[in-house]
1. Could you rank the peptides A:242-252, B:165-175, A:1-11 by their average count of other C-beta atoms within 10 Å per residue, with the highest value first?
2. What average count of beta carbons from other chains do you get within 10 Å of the Cβ of residues in A:246-257?
3. Which of A:M250, A:L189, A:A272 sits closest to the plus end of the dipole of the stretch A:184-313, meaning its Cα is farthest towards the positive end, when Lys and Arg get +1 and Asp and Glu get -1 on the C-beta?
4. Averaged over peptide B:204-216, how many Cβ atoms belonging to another chain are found within 10 Å of each residue's Cβ?
5. Using a 10 Å cut-off on Cβ to Cβ distances, tally the other chain neighbours for every residue of A:220-226 and report the average as a whole number.
6. How would you rank B:D273, A:D172, going from fewest to most other Cβ atoms within 10 Å of each one's own Cβ?
7. What does a probe at B:R114 reach in the stretch A:9-29, counting residues whose amide N is under 12 Å from the point 7 Å along Cα→Cβ?
8. Can you sort A:R216, A:R276 so the residue with the fewest Cβ neighbours within 10 Å comes first?
Amino acid sequence: MLAFLTRRFIALLVTLLAASLVVFVVLEVLPGDPAQVMAGMEASPESVEALRHNLGLDRPPVERYLAFLGGFFTGDLGLSHAYHVPVANLVAERLPITLPLAALSLLIAMAIALPAGLYAATRHGRPGDTLVMGLTQLGVAIPDFWFGILLVLVFSVLLNWFNAGGFPGWSDPLLALRALLLPAVALGLSQASILARVTRSAALDVLQEDFVRTARAKGLTRRRIVWRHVLRNALIPISTIVGLQVAFLMAGTIVIENVFFLPGLGQLIVGAIANRDLIVIQALVMLLTAMVVLVNFLVDVAQAAIDPRPRHG
Amino acid sequence: MLAPNFWRRALASRSFVIGGGLTLLVVAVALLSQVWTPWAPDDQFIPNKLKAPTAAHWLGTDHYGRDVLSRIMVGAGNSLLVGLVAIGLGLSLGVVLGALAATWRGWMDEALSRLGDLIFAFPAVLSAVLIAGLLGPGPVNAIIAIGIFNIPVFARVTRNAALQSWSRDYVRAAVALGRSPVAITLRHVMPNIASLLIVQATIQFALAILAEAALSFLGIGVQPPAASWGRMLNDSLTYMYVQPGLALYPGLAILLAVLGLNLLGDGLRDLLDPRLRRRRG
């Protein structure tokens, strides 16, 4: 187990390092001068030069890459061109919206997908199965941001049950959760559809195993067999997909936050693109990628703890 | 490549018929929009803005008084074009890289696999946002952004399927006969995996349309005044309180296009991969 963990951890570091290099190099080859953009087109060459020096942009690329990399350990992510404040502060303000949003939509996705997938598997080939599969087909095809707009149309415009957008802050947690509910449902639907399909097919495989027949012969109830034995054994393929879905959810927040006017990381990154606030783009893409890579690492480790087979694979 | 009774079986497959029908419909609308739309899609007539559907404007008008149906028709063309070129880019580069990895294996396979892992580490929308952020907004950059993410997808499918082909007896026989790896790949390996690539391309096409819509929604993809479904939905955020239809029709168009391609992909997979059909049935 220790050897597996070490190997996997080294792979994690190598991936992160490579990703940081990609993000840095890609921004490096970009046409356009951040200092010029930040100072404005009318700025004198001297003031642009002074700004470039202040931002450290006149240092050699290798030195700047090391500073960029080191920043992630010291929390110094650079200075935003547009807001004139440290990027770390912007991230700290917005993470408490984006992370709970992603987590809530994952919870919603799992709460829908696991029962739906297990239900479809136990009714394989019958109308219940066809209905669930048809609904997942629709769920995968609906763009999450359009589903979000439809939710606003129904629950805010027509029924007036929810605000159409915005975020009241965490001082009243219930109000905050209420503001995140519609966006989380919108984001969770397509993930729930994918997860329900995976759950169904994993459960179908397990249902054919001998021990399920034994459990039936022992007279266990269907509910007990499905939730106790089938789900537990289907968890490995399910957890792999859940790990991958975290990546989609983090990326999905970028779009959904712009539907619901939530001031999270997604809105920050789109604003940064509009302002060509390159330092912010660089830091956010790296941060989101690091989160995704880290979650996949944790899923691998959790899987290895449940099932010893992949360690040797 | 096609079995003799392919079309008979295809017409009996519900997924294939519905998916193929929807896809044909979207393609037909996109083609038609190149020569005819009910109104000129970019013509503004402010006094006529935000009108509900009428006999003259079947789906009503937007905030500039432009005909919504005409813009949805033109949007179909833009959406399909971005998706098609992006998938073409991903497919052509991915297949070459995947075939190289399967043919030469060793360090090249290892290096390409790790590179693929690295690209997979960036969520698709995120990498698209990064690339569009760097290159500036616009359809060409959206194509590049979506295309790049598709390269490792096709490379992986090609590599895995080609590796299986290389272990078949008749391919080994061709090796023993002294055929060059390139000739073997083109003659024996590629025809074997073509159906798999067609299925994957159909599904990736659907994902590309979703990605293009998301990018345009964020203002990074197709730029106004050109019509795009994602952009129309973004505009609807402001105007759906007056005219809810603005939030409905472009989304329905995306749904039909994506659903059609997904069903078509499912149908093709069942038709082209008999093993899967038996297991599913």
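The numbers here are math on the coordinates, done by the rules we state, and not lab data. Not measured: the values here are computed from a predicted model. Positions of Cβ are generated from backbone atoms using ideal geometry, with glycine treated the same way; all protein chains shown enter the neighbour counts.
1. A:242-252, B:165-175, A:1-11
2. On the way: counts 1, 7, 4, 1, 3, 9, 4, 1, 7, 8, 1, 0.
The mean count of partner-chain Cβ atoms within 10 Å per residue comes to 4.
3. Farthest towards the positive end: A:L189.
4. That average works out to 2.
5. For this peptide, the per-residue mean of nearby foreign Cβ atoms is 0.
6. Least crowded to most crowded, the residues run A:D172, B:D273.
7. Residues A:11-19 qualify, since their backbone N sits under 12 Å from the label point.
8. A:R216, A:R276
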